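S.K.: I have a structure I would like to understand better, so I am pasting it below and will then ask my questions one at a time.
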Ligand code: ADP
């Protein structure tokens, strides 16, 4: 197991030390080589500098290899090995200065081997899926660029040298510079394809190789000119190259050297532009240069290699592109098939569903409608697409006034993102007939941008359900009606019996008759309630709406309920008087008030108080009944206005109610154009509020109406 890198702080400290040591060494050797020391002394300085920097680079690379894992470990290990090999050539050079000259360039061979090792190490720096084609293109880029740079050097430097009789050695002049350029190019290409924290370390490696390459090229020119002595400032390049590589090794390791290279599938435009740009320069230099010289055969071979290499490179890229295209085509085909399948499934789903479904755009135009929806509306699907849904099939109000588009749930969904659930409405068929529907409308929100792209409405024809309800109610009212007459006679007879008309009844019989009388009275109340409700819902309840004293109404209701309150030990209290008048049907509003007071009394604890009050709010009079009873859960405050709804199923038994009182009360108040609602806090009490329009100050003329248009809802404050 490798020991792994030290803590980040320690690594930063080590890097700082490396920077200080590296720059100190570089400046020292620079000062020495720039001084006017003798040639021999400077040569010794150079050799020492090379050895010192080289040893440091090797040691640093080895440490970094120990810190790293996987490919990085191998890369740094190979780089350190290349350093050892290169150093050994320096040592050889020093030990046997003659060996490099003549026919056996041993040290040059060793340097070449070090360069090949370095190139190999670079291949391990990239840990992305190393596809052979990527590596091949990268190596070819390096080779072509290296050869092209060499071509330029040959034309510009060696040719004139050869023309003046200068000698260009094969290794120092050609092979090593070529390998150098390949190395620097591969490092640059790799750097370009690397992202993440290692980029800077790799940048330093590339910089080191570039400095090295430039120095080797300078050396090649010097060697071609016959000068092979060390000790000039040129040698600083090698020293700097080693130091930069050493510094790269101390660059902090992140996340155990896990690299995050971006895989580059195929060569990119940049690489192609660089490769062909340099090639072009090489051709231009060749065309513009003198041409002739002793390197003609070699140049021809290089040209051949260049052109061949470029051809192979392009071939590889073309193959890669073909491969990519084929892969993409397969993907596109698969995705298209998936999408088609999804489309078919959605279509089947939409056309199989029995409910009508239509979508609208932000202007309310139908974008799609399912076959059931179109059939319910009596249109073909195509006829509806593009139409303004609200204008085409949203029915007008009962009085024939078109329903304003602004208040339509489609507009609310699209504009204000309001979801309407289970709302009742009427739609118009193509033949002009209307039918009742129950709808659910929601906004269509784009999941990515969050914008509303339109709305979707699901509707169901509830004609049949309504018909069933109507028949049921009719049946209920007929039965109730038929029951009323015999029940009145039963109640009368029981009343007479209980009143002792036939003499005192023996004790068990008397109690039994009392119970029977109470039950018959309850039954009568329920039948009356059912009949009232039926009349309200069928619209046949006639109202005598005229100005009524608010205090008078409350006083009557108070009086009627006094008996019940006393029997329950509950005190009815009237708050400060309200001298205003309301537009109301006297009997019906007293009926509503007595129901509210009755509930308050029934659900109040003995000894408590029920408070009756009234206040004027703008054009409306709000009458209130406040109790200190058990309260009503918030989620039931609305539902208990439905028929037969009670908070607790035991309420019917214990309090003798039927669950119809509030439904009747709301029916009556709404027929007045008023509003009735409850506010409550569990365990604290309930306030019933009944709002009606105040009578105009001068109004005295009574009006007999059965409609609700006398008192508009606008006059009544909304429930809080
Ligand atoms: P009924 O009183 O005949 O049962 P209502 O429609 O008048 O029918 O009332 C329905 C239900 O609402 C009652 O059964 C009771 O559960 C609840 N309720 C109404 N008023 C109050 C109140 N003031 N306090 C507590 N519960 C109430």
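S.K.: Quick check: from the Cα gyration tensor, does segment 479-628 come out rounded (a/c under 1.5), prolate or oblate?
M.R.: It comes out oblate by the Cα gyration axes.
S.K.: Still on this structure, please answer the following. Let me make sure I get this right: for segment 437-550, a, b and c are the square roots of the gyration tensor eigenvalues over alpha carbons, sorted descending. Under 1.5 in a/c it's rounded, otherwise prolate if a/b > b/c, else oblate. Which is it?
M.R.: Prolate shape, in that a/c is at least 1.5 and a/b is the bigger ratio.
S.K.: Moving to a separate point now. Could you grab the relative contact order for segment 302-439? Cα pairs under 8 Å, six or more apart, rounded to a whole percent. Kindly include the intermediate steps, with their values, before the conclusion.
M.R.: Working: 137 pairs, mean separation 19.6, N = 138.
About 14 percent, as a whole number.
S.K.: Another one. Segment 485-516 to segment 331-352: how many Å between their Cα centroids?
M.R.: First find each Cα centre; the distance between them is then 77 Å.
S.K.: Still on this structure, please answer the following. Using only the Cα atoms of segment 475-519, what do you get for the radius of gyration and for Dmax, in Å?
M.R.: 13.0, 41
S.K.: At a Förster radius of 51 Å, what calculated FRET efficiency corresponds to the Cβ-Cβ distance of residue 569 and residue 468, to the nearest 0.05?
M.R.: 0.65
S.K.: At a threshold of 8 angstrom on Cα-Cα distance, excluding pairs fewer than six apart, so keeping six or more, what relative contact order does segment 383-440 reach in percent? Don't skip to the end; give the middle numbers.
M.R.: Values: 61 pairs, mean separation 16.1, N = 58.
Once normalised by length, the contact order is 28 percent.
S.K.: Sort segment 1-98 into rounded, prolate or oblate with this rule: let a ≥ b ≥ c be the square roots of the eigenvalues of the Cα gyration tensor; rounded if a/c is under 1.5, and if a/c is not under 1.5, prolate when a/b is larger than b/c, oblate otherwise. Intermediate results must be reported in sequence, preceding the final value.
M.R.: Values: a/c = 4.83, a/b = 1.62, b/c = 2.99.
It is oblate, given that a/c is not under 1.5 and a/b is not larger than b/c.
S.K.: Please compute, for the alpha-carbon atoms of segment 598-659, the extent along each of the three principal axes and give them in descending order in Å.
M.R.: 40, 30, 19
S.K.: Next question, about the same structure. Give the dimensionless ratio obtained when the Cα radius of gyration of segment 333-401 is divided by 2.2 N^0.38 Å. The partial results should precede the final answer.
M.R.: On the way: Rg = 15.1 Å, N = 69, 2.2 N^0.38 = 11.0 Å.
Taking N as the residue count of segment 333-401, the ratio is 1.38.
S.K.: Separate question: Restricting to Cα pairs below 8 Å that are 6+ residues apart, what does the relative contact order work out to for segment 406-521? Please round to a whole percent.
M.R.: Numbers: 128 pairs, mean separation 18.9, N = 116.
Over segment 406-521, the number comes to 16 percent.
S.K.: Here is a further query. What ranking do 690-696, 559-565 get when scored by the average of other Cβ atoms within 10 Å per residue, highest first? All intermediate terms of the calculation are to be shown ahead of the outcome.
M.R.: On the way: 690-696: 22.7, 559-565: 15.4.
Result, highest mean first: 690-696, 559-565.
S.K.: Something else about it: Could you state, as a whole-number percent, how many of the C-alpha pairs of segment 356-433 are farther apart than 16 Å? If you can, show how the numbers build up before the last one.
M.R.: Numbers: 1507 of 3003 pairs.
Value for segment 356-433 (Cα pairs over 16 Å): 50 percent.
S.K.: How large is the convex hull of the C-alpha atoms of segment 561-696 per residue, in Å³? Please list the in-between numbers first.
M.R.: Values: hull volume 14.7 nm³, N = 136.
Roughly 108 Å³ of hull volume per residue.
Here, each number is a calculation from the coordinates, and none is a lab measurement. For clarity, every value in this text was computed on a predicted model and none was experimentally measured. With ideal geometry, Cβ positions are generated from the backbone for all residues, glycine too; neighbour counts draw on all protein chains shown.
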